[in-house]
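**Student:** Shown below is the structure under consideration.
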Amino acid sequence: MEDTVDIAQLIHRGGIFKNLEGNTPQEIYAKISKMIDLPDSMTSDQVYNALCAREEVLSTAVGNGIALPHARAPIMKDEKDQRICVVYLKKPIDMKAPDERSVFVMFVLLTHNSQIHLKVLSSLAGLFRSAKFRKALEEQADEPVLSALIKELA
């Protein structure tokens with residue numbers, strides 16, 4: 001298994017979704033789970049249920065207007081199916097973030113195993129510490145901009 005994860009590649013596989021409407025995480029998850037291009041082995045209901053089940057345990061909001069929705073256990077069967085979907089919300093929602101900021105962007109993690117999941121979380125945490133990266137998120141940066149920043153900050 002490789003030691004690094006290619007966040008830009010995972011985002012490329014997952015896609016970027018803008019102006020998603022919803023007033024609760026569950027409403028957002030219902031929409032995004034139907035929009036994600038999933039492998040044949042997965043259904044949108046499986047993704048929706050996994051994201052909701054994890055959110056019920058503890059908010060996935062991490063601060064700075066960012067949330068990291070994910071399943072409690074890896075749900076992708078193959079490493080090649082892993083992805084991160086970047087979801088910009090039409091209007092921020094309250095997800096009980098530690099800094100009490102409303103969430104305006106979600107990085108939906110769909111991973112293959114726990115080790116990769118933890119590496120992705122660690123890599124994203126590093127990116128989120130960058131004011132330049134956070135500013136790009138606030139401006140709803142497209143994939144080329146995010147990819148360039150990820151390479152620059154790696």
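The values are calculated or read from the model by the stated rules, or taken from the named source; none is laboratory data. Only a predicted model underlies this, so the values are computations on that prediction, with no experimental measurement involved. Note that we place each Cβ from the backbone using ideal geometry, even for glycine, and neighbour counts take in every protein chain shown. Side chains included, ligands, DNA and RNA excluded: accessible areas come from the protein's heavy atoms. Shrake-Rupley method; radii C 1.70, N 1.55, O 1.52, S 1.80 Å.
**Student:** Could we say that Val62 is over 19 Å from Gly15 (Cα atoms) and in a strand (DSSP E or B) here?
**Tutor:** Yes, satisfied.
**Student:** Moving on. For Ser33, work out the one condition from (1) free of Cβ contacts under 8 Å to residues at least 24 places away in the same chain; (2) open to solvent by 10 Å² or more (accessible area, probe 1.4 Å) it doesn't fulfil.
**Tutor:** Only one criterion in (1) free of Cβ contacts under 8 Å to residues at least 24 places away in the same chain; (2) open to solvent by 10 Å² or more (accessible area, probe 1.4 Å) is unmet by Ser33, namely (2).
**Student:** Taking the range 83-119 only, how many residues are part of a loop (DSSP other than H, G, I, E, B) and out of contact with any strand residue (DSSP E or B) (no Cβ under 6 Å at 6 or more places or on another chain)?
**Tutor:** Adding up the residues that qualify gives 7.
**Student:** Identify, by number, the condition in (1) under 20 Å from Asp37 (Cα atoms); (2) without any contact (Cβ under 8 Å) to a residue 60 or more places away in the chain that Val86 doesn't meet.
**Tutor:** Going through (1) under 20 Å from Asp37 (Cα atoms); (2) without any contact (Cβ under 8 Å) to a residue 60 or more places away in the chain one by one, Val86 breaks only (2).
**Student:** Among the residues of the range 12-30, which ones are open to solvent by less than 40 Å² (accessible area, probe 1.4 Å) and of a type in the set (Ser, Thr, Tyr)?
**Tutor:** If the condition is that a residue be open to solvent by less than 40 Å² (accessible area, probe 1.4 Å) and of a type in the set (Ser, Thr, Tyr), then Tyr29 is the only one that fits.
**Student:** Separate question: Quick one: in the range 65-81, which of the residues that are in contact with a strand residue (DSSP E or B) (Cβ under 8 Å, 6 or more places away or on another chain) and not in a loop (DSSP other than H, G, I, E, B) is surrounded by the fewest Cβ atoms within 10 Å (Cβ to Cβ)?
**Tutor:** Here the answer is Asp81.
**Student:** Among all residue pairs at least 6 apart or on different chains, which show Cβ distances below 7 Å where the first residue, located in the range 47-58, is over 20 Å from Lys77 (Cα atoms) and the second is β-branched (Val, Ile, Thr) and assigned to a helix (DSSP H, G or I)?
**Tutor:** Hits for this filter: zero, empty list.
**Student:** Shifting gears a bit: Would you confirm, using the coordinates I've provided, whether Phe17 is in contact (Cβ under 8 Å) with a residue 60 or more places away in the chain and either aromatic (Phe, Trp, Tyr) or out of contact with any Leu (no Cβ under 6 Å at 6 or more places or on another chain) (or both)?
**Tutor:** Considered against the rule, which asks whether it is in contact (Cβ under 8 Å) with a residue 60 or more places away in the chain and either aromatic (Phe, Trp, Tyr) or out of contact with any Leu (no Cβ under 6 Å at 6 or more places or on another chain) (or both), Phe17 comes out as yes.
**Student:** Out of the range 37-60, which residues are aliphatic (A, V, I, L, M) and open to solvent by 10 Å² or more (accessible area, probe 1.4 Å)?
**Tutor:** Once the filter is applied, which keeps residues that are aliphatic (A, V, I, L, M) and open to solvent by 10 Å² or more (accessible area, probe 1.4 Å), the range 37-60 yields Leu38, Met42, Ala50, Ala53, Val57, Leu58.
**Student:** Quick check on the range 102-154: of everything there that is of a type in the set (D, E, K, R) and without any contact (Cβ under 8 Å) to a residue 40 or more places away in the chain, which residue is most open to solvent (accessible area, probe 1.4 Å)?
**Tutor:** Here the residue is Arg129.
**Student:** Looking at Ser41 and the list (1) of a type in the set (Ser, Thr, Tyr); (2) more than 19 Å from Thr111 (Cβ to Cβ); (3) touching a Lys or Arg at 6+ places or on another chain (Cβ under 7 Å), which single condition is not satisfied?
**Tutor:** (2)
**Student:** Then there's this: Checking the structure you have, find out if any residue of the range 17-39 is among the hydrophobic types (A, V, I, L, M, F, W, C), modelled with pLDDT of 95 or more, in a strand (DSSP E or B) and touching a Phe, Trp or Tyr at 6+ places or on another chain (Cβ under 9 Å).
**Tutor:** Yes, that holds for at least one residue.
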